[in-house]
Amino acid sequence: MQSTSLHARVLASLSLVAAAVAQDGNTKPAAVAAPGKPAQAAAPDLTTGLPAFLLPVPTGKVEMGLAAEELVEVASEVVRPENPKEAIKFSAEKLTTAMRRSAFVLGRRTVDVDAFLLGKHPVTNAQYEVYVKLMRTAGIKQRPPFAWWRWGNEKDYNDKLPEIAKEFPKDPDGPVLYWERHGGEFDYKVLGERGADIRNLPVSHVSWRDANAFAGFYGMRLPTEAELTRAMRGDGKNLWPGNDGSDKAKDVFTPKLFELLQMNNSKNRLLKPIGAVQAAMGPFGHADLFGQIWQFAAARGFYPINGEDPFRDEWKQLQKDKVGSLVTAPPIADPEKVIAKGGSYLSWQEPIQLLIDARAPVQPYEVLEGLGFRLAKSLKPGYDMLFSLLRGGYNRDLFGEGQDLDLSAQSGAERYEFGADGFPTAYQAVSFAPVNWLVKEKTVDTSKLIDGCQDRPLLIGALATSTPLAEPALPQGLYVVLYRRAGVPKELTDAVKQGYKEVKAALKQKEKGGEAPAEEAPQDENGKKKPWRQVIGRFGLTEKDLEDKRFADGKVEFVRYDGLELTTDKDCFVLVRDGKAGGVIVGGENKPASAGAPFPTELVVESNTKSKGKEGKLMASFRVAVPVLMVNNKKWLDFRLHVTLDQPAPAADKPWRLPQ
């Protein structure tokens, strides 16, 4: 059995991890004793069991965004490097374009970034091919990147052009739209234009949605914009790659940067193998951060880099500047677009894209040349899988306004298997995150709240698994979790008694060939007649159910939620996917305890010994405190959820990762 307390916490500094992971991501240093002193035990390696290609980025602060005068300066530098002050005379149009397209970087702020792990390189075509093959072997029609079909299977592409023209007439994006619709069935080869081998190149022509799905499949995620910036800038304050910003005179754009990034002539303005450009490395050893391939960030929404207030202040300053005022209108925010960072080998055409704070807005479904991604990971097991699945989209109909998942209280367990090249061949995980509150009211009687969920199950969180569930038998994926307390409300008992009598009377009358008697509806608390049919209907029961003699004394052994039967003698957790109830986890017989203060979330991973036929399967037992009210956190409810996976229980040679 493996168990731990998973109290929501800020990740500790990765300084120990940084010391434990050499630049190649594999070598672990041994403890060294000072002369005359006993050797100290090596600090625990928090990266044990994780992919070796992930390098640490330690906890720290990072400067993000530009002041108005800085935006004017960098735009002037890229338009007229030899004499930035003459940029407006040289080309006011180019200067305006550079500032306008970069205006959302206005608003400088220092941001705290927790320690995390980041891929040393962007994801390669070779790594993405492993994923495509695994998905297709599992029966999933996974699209290959567009280029693998366009260039890797050029004959098939050309043969389909008439069909593409028919399906998408006069649409220049027809081939991509056709690929999006049918690509899961296409044959492909991992080749580029003219048959070039591209396996060691960063993968491109994948969408933000594709990247999130890939990351989640391997228990990882896309980095946030702040994390990418931290990996690029480190503790420095530089605006451009190649220095720490301590000497402002050197922190300027010159054509020399093109030479350093190997994009100074037509022969090298192309995508290069990973790690080929030394100058594209960040301060923590991550390669290809600049000028090789744009890389997706995790968040959705194209807004000012540091929010509205810092942007508004700097925009006012920009309008007071003679050059800055050339930009007459602020950029337009777009909640649907996502952000890419780092520039690409195509950025020689628009050098301001190489600015560390530069960002490119992209539609989440777009697939573009020169746009790929790299993987990030937290040290909390299962966190990143859940994070990525949430970005794939899920049904939020059951969530209240302002209600969301509290990822800081997430808990989970995970396990990797690796191939000879160190890339994962399998990933198993289970993860749970509670909602940030249960009810929106300012005050509530917790007893009534718990009793009330017998009628209307209560949303308590979300469960994510990378492996199928054994009990209930459900596929892997993301599920919203609802709680129903054991028991039957008196209202339902009375309605069932009344309904049973009337249904039986109607059946007897029908047998005699007569008309059914008039309905006698029970009265509600206000003395108004309330049909029993309405009551049983709220609990998913029908008149047909009441024909069973078990209902004669008002006993109700089950109710239904969205067509799914829930036993009434034990607590039930309903798993909802894509808005449809799929299965139920039967819990204990005790209602949740009301806690006066939050407690550390607990997770025990062990062999299932409670369910007949499921012995030896892995069971993850969560205990989590969920805040009752939106307005304060003084009241909490204590829920216990036992999840059995269709996966062998942990063994000594196959342990699961739990937070240390």
- Item | Matching residues, region 314-323, being in a helix (DSSP H, G or I) and exposed (fewer than 15 other Cβ atoms within 10 Å of the Cβ) | Lys316, Gln319, Lys320
- Out of Asp421, Asp445, Asp406, Asp451, sole residue that is touching a Pro at 6+ places or on another chain (Cβ under 6 Å), surrounded by fewer than 19 Cβ atoms within 10 Å (Cβ to Cβ) and not hydroxyl-bearing (Ser, Thr, Tyr): Asp406
- Condition broken by Gly139, with the remaining ones in (1) assigned to a loop (DSSP other than H, G, I, E, B); (2) of a type in the set (Gly, Ala, Ser); (3) within 30 Å of Leu239 (Cα to Cα) satisfied: (3)
- Query: When you scan region 387-488 for strands (runs of 3 or more DSSP E) that lie fully inside it, which ones turn up with 1 or more residues that are touching a residue at least 12 places away in the same chain (Cβ under 8 Å) and among the polar types (S, T, N, Q)?
  - Reply: 411-418, 424-434, 458-465
- Flagged in region 565-596 as farther than 21 Å from Ile450 by Cα and either of a type outside the set (Gly, Ala, Ser) or not assigned by TED's automatic domain parsing to the domain that holds Trp437 (or both), in numbering order, are Arg577, Asp578, Lys580
- Query: If you check Val252 against the conditions, is it surrounded by fewer than 20 Cβ atoms within 10 Å (Cβ to Cβ), among the hydrophobic types (A, V, I, L, M, F, W, C) and out of contact with any strand residue (DSSP E or B) (no Cβ under 7 Å at 6 or more places or on another chain)?
  - Reply: yes
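Do we have any residue at all in region 280-287 that's out of contact with any Ser or Thr (no Cβ under 9 Å at 6 or more places or on another chain), of a type in the set (Phe, Trp, Tyr) and farther than 21 Å from Pro56 by Cα?
No - not one qualifying residue is present in region 280-287.
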- Inside region 330-372, can you point out the residues that are within 22 Å of the chain's Cα centre (by Cα), within 20 Å of Ala147 (Cα to Cα) and part of a loop (DSSP other than H, G, I, E, B)? Gln363, Pro364, Tyr365, Glu366, Val367, Leu368
- Please indicate, with yes or no, whether at least one residue in region 365-374 is surrounded by 19 or more Cβ atoms within 10 Å (Cβ to Cβ), at pLDDT below 95 and under 23 Å from Val57 (Cβ atoms). no
- Among the residues of region 597-620, is there at least one that is among the small types (Gly, Ala, Ser), within 30 Å of Lys442 (Cβ to Cβ), assigned by TED's automatic domain parsing to the domain that holds Arg484 and surrounded by fewer than 17 Cβ atoms within 10 Å (Cβ to Cβ)? yes
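Okay, residues lined up against (1) assigned to a helix (DSSP H, G or I); (2) without any contact (Cβ under 8 Å) to a residue 24 or more places away in the chain; (3) assigned by TED's automatic domain parsing to the domain that holds Leu66; (4) out of contact with any Leu (no Cβ under 6 Å at 6 or more places or on another chain):
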| site | (1), (2), (3), (4) |
| --- | --- |
| Tyr178 | yes, yes, no, yes |
| Asn212 | yes, no, no, yes |
| Glu227 | yes, no, yes, yes |
| Asn238 | no, no, yes, yes |
| Asn243 | no, yes, yes, yes |
| Ser266 | no, yes, yes, yes |
| Lys272 | no, no, yes, yes |
| Gly275 | no, no, yes, yes |
- Task: Tell me which residues, restricted to region 192-208, are outside any loop (DSSP other than H, G, I, E, B) and at pLDDT 95 or above.
- Result: Pro202, Trp208
- Message: Quick test of your reading of the structure: Met135 fulfils all but one of (1) within 30 Å of Gly275 (Cα to Cα); (2) assigned by TED's automatic domain parsing to the domain that holds Pro273. Name the failing condition by number.
- Response: (2)
- Give the residue, chosen from Pro655, Pro627, that is in the same structural domain as Ala426 (by TED's automatic domain parsing) and farther than 18 Å from Val586 by Cα. Pro627
- Listed residues Tyr178, Tyr128; which is under 18 Å from Ala426 (Cα atoms), surrounded by 14 or more Cβ atoms within 10 Å (Cβ to Cβ) and either touching a Lys or Arg at 6+ places or on another chain (Cβ under 6 Å) or not charged (D, E, K, R) (or both)? Tyr128
- Item | Yes/no for Lys341 being at pLDDT 95 or above and over 13 Å from Ser102 (Cα atoms) | no
- Message: Taking the criterion of being in a loop (DSSP other than H, G, I, E, B), over 26 Å from the mean Cα position of the chain (by Cα) and within 30 Å of Arg143 (Cβ to Cβ), would at least one residue in region 248-263 satisfy it?
- Response: yes
- Message: Quick test of your reading of the structure: Leu566 fulfils all but one of (1) closer than 19 Å to Leu458 by Cβ; (2) surrounded by 19 or more Cβ atoms within 10 Å (Cβ to Cβ); (3) out of contact with any strand residue (DSSP E or B) (no Cβ under 7 Å at 6 or more places or on another chain). Name the failing condition by number.
- Response: (3)
- Task: Among the residues of region 538-554, write down those that are touching a residue at least 40 places away in the same chain (Cβ under 8 Å) and either under 19 Å from Leu458 (Cβ atoms) or out of contact with any strand residue (DSSP E or B) (no Cβ under 9 Å at 6 or more places or on another chain) (or both).
- Result: Arg538, Phe539, Glu543, Leu546, Glu547, Phe551, Ala552, Asp553, Gly554
- Qualifying positions in region 360-395 - farther than 20 Å from Asp173 by Cα and in contact with a Lys or Arg (Cβ under 6 Å, 6 or more places away or on another chain): Ala376, Pro381, Asp384, Phe387, Ser388
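The values are calculated or read from the model by the stated rules, or taken from the named source; none is laboratory data. For clarity, every value in this text was computed on a predicted model and none was experimentally measured. Methodologically, a virtual Cβ is constructed for each residue, glycine included, from the backbone with ideal geometry; neighbour enumeration extends over all protein chains shown.
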